[in-house]
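The values are calculated or read from the model by the stated rules, or taken from the named source; none is laboratory data. The shown structure was predicted, so the numbers you read here are calculated from the model rather than taken from an experiment. When we count neighbours, we look across all protein chains shown, and the Cβ atoms used for this are built from the backbone with ideal geometry, even at glycine.
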Amino acid sequence: MPVAIAVGNLRTHRGFTRWAVLVVLVIIGLLALALGPRLFGEVTLMEIATAKAQVAELGKAVEQFHNDTGRYPTDKEGLEVLVQQPAGEVKWKGPYIDEDLLNDPWGVAYQYHFPPSQPQVSFDLFSFGKDRTLGGVGDNKDITYGDN
């Protein structure tokens, strides 16, 4: 004897309803709003720490260039002189750094000036920081060699 099985409405048994998907999206959105600033703050702190370490490494490379050649790089030469030997500089013993270190974590070239703007330092070396402009406070503060 054949048995009849009630199949019911197949539409109710396929996947999630629009309301269920909407509720899940709202929950994900609320979590992102709650946790987003904390996560982005951690990224900013890592970028600042990276920039400080890179400025320190660049400063040491400039000092090593000075020890080898007896002079600091000129404004015209800039930090590129740490990667490529300048024409006619026979005492150059580089490269002193990897070319990837010429830009800060925000994609902007590190700033170098010689002679320096202040007499108590040998040269100016800094990153504009997160805001990519001169000056700033907090997370946007410039990161300067010697302030580490």
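Within the stretch 85-107, the set of residues being surrounded by 14 or more Cβ atoms within 10 Å (Cβ to Cβ) and among the aliphatic types (A, V, I, L, M) comprises 97, 101, 102. Residue count for the stretch 123-148 satisfying the condition of being surrounded by 15 or more Cβ atoms within 10 Å (Cβ to Cβ), in a loop (DSSP other than H, G, I, E, B) and either touching a Cys at 6+ places or on another chain (Cβ under 7 Å) or among the hydroxyl-bearing types (Ser, Thr, Tyr) (or both): 1.
Filtered by the rule that a residue be assigned to a helix (DSSP H, G or I) and either among the polar types (S, T, N, Q) or in contact with a strand residue (DSSP E or B) (Cβ under 8 Å, 6 or more places away or on another chain) (or both), the stretch 71-122 gives 78, 79, 102. Among all positions in the stretch 40-59, there is no residue which is modelled with pLDDT of 95 or more, assigned to a helix (DSSP H, G or I), over 28 Å from residue 140 (Cα atoms) and in contact with a Leu (Cβ under 7 Å, 6 or more places away or on another chain).
A quick yes/no check of all residues on (1) among the acidic types (Asp, Glu); (2) closer than 17 Å to residue 145 by Cβ; (3) in contact (Cβ under 8 Å) with a residue 24 or more places away in the chain:
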residue	(1), (2), (3)
61	no, yes, yes
99	yes, no, no
111	no, yes, no
120	no, yes, no
